Amino acid sequence: MTTSNGLLLLDKPAGLTSHDVVARVRNIVNEQRVGHAGTLDPMATGLLVLGIGPSTRLLRFAQSEVKRYCGTVRLGVATDSLDAQGTVTGEAAVPTLSGEEMNAYAESMLGAQSQIPPMVSALKVGGRRLHEMARQGLEVTREPREITVSEFRLTAGNDAATWDFEVECTVGTYVRVLLSDLAEKAGTVGHLTALRRISSGRHHIDQALTLEEFAHEFENGSSLRPPVDFVTQLESVVLSEDQERRLRMGQRVQFDVSFTTLEIAALNQRGALVGILHPRGEQWKPELVLPADEPRRED
């Protein structure tokens with residue numbers, strides 16, 4: 001039986017915004033409660049993690065995950081959006097660069113750092129989208145974001161100006177800003193020409209469906225991934241039937257085992273997620289409880 005409550009991994013096509021994808025999924029599942037974790041620009045493709053129905057309340061667990069991308073940067077040409085969808089704003093000579101030199105520049109960009117969001121972005125400042133102000137020729141002060149780049153590697157492309165890359169970074173990182181900064185370190189300018197998200201935390205693009213594949217599977221009765229797949233990184237506890245009943249009534253419960261974290265996932269006897277618990281003294285209080293009619297988890 002199809003259920004409109006769970007996790008969905010989609011392979012976003014180029015040309016659609018993340019909001020466009022959410023709208024299409026809403027139509028497919030006939031459910032307004034659809035949200036995503038981690039926006040992808042229209043030009044970008046790849047993994048988009050969505051929550052459906054009550055599981056939208058679990059999206060914060062996916063939003064905080066480390067992301068991995070691959071793509072291509074073209075040196076020698078700058079655009080106002082820092083990607084191929086923007087207007088060319090300048091050109092510069094491309095120096096002869098070896099793979100060792102490019103990866104040395106990339107290595108110098110690893111670690112914790114501050115990054116200023118680009119003007120052409122969906123970020124809001126003063127209640128207005130930056131890209132809307134950018135189209136009016138305005139530029140406003142943007143607060144820097146703290147990000148961490150844990151991996152950054154490049155390989156030579158088809159010509160001296162083209163380089164393929166793979167990067168792993170924390171949520172909130174603008175990869176096109178990262179590549180523009182890399183071009184500057186290399187003594188030129190550059191812009192992103194392709195970007196694909198290949199993983200988000202434990203979720204990988206190999207697990208994702210296209211919109212067409214999902215529509216077909218959903219129509220034929222296939223279920224979404226169970227809500228518990230959002231919280232596999234949390235410590236978990238299996239509840240007795242009485243403990244599950246009490247949690248669903250908003251009551252606190254106590255366990256004979258101890259935990260090392262201040263947030264745990266509570267599962268029922270079938271392995272379905274009942275809720276997220278926080279400690280209150282020696283007991284655990286339900287901070288989030290999902291409906292009881294979750295699908296059975298099938299591995």
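Some observations on this one:
- Residues that are in contact with a strand residue (DSSP E or B) (Cβ under 6 Å, 6 or more places away or on another chain) and either touching a residue at least 60 places away in the same chain (Cβ under 8 Å) or of a type in the set (A, V, I, L, M) (or both), drawn from the stretch 263-272: ILE264, ALA265, ALA266, LEU267
- Unmet requirement for GLN85, which otherwise passes all of (1) touching a residue at least 40 places away in the same chain (Cβ under 8 Å); (2) over 29 Å from ALA156 (Cβ atoms): (2)
- Inspection of the stretch 258-265 finds no residue satisfying the criterion of being in contact with a Gly (Cβ under 9 Å, 6 or more places away or on another chain), assigned by TED's automatic domain parsing to the domain that holds ALA14 and closer than 19 Å to ALA62 by Cβ.
- Single unsatisfied condition, GLU101 versus (1) at pLDDT below 95; (2) of a type in the set (Asp, Glu); (3) surrounded by 13 or more Cβ atoms within 10 Å (Cβ to Cβ): (1)
- Of everything in the stretch 105-138 that is in a loop (DSSP other than H, G, I, E, B) and of a type in the set (Ser, Thr, Tyr), the residue that is modelled with the highest pLDDT is SER108.
- Annotation note: of GLY71, GLY35, GLY46, the sole residue that is crowded, with 22+ Cβ neighbours inside 10 Å, among the small types (Gly, Ala, Ser), under 12 Å from the mean Cα position of the chain (by Cα) and outside any loop (DSSP other than H, G, I, E, B) is GLY46.
The values are calculated or read from the model by the stated rules, or taken from the named source; none is laboratory data. Worth saying up front: this structure is predicted, and the values here are computed from it rather than measured. All Cβ positions, even for glycine, are placed from backbone atoms using ideal geometry, and neighbour counts span all protein chains on display.
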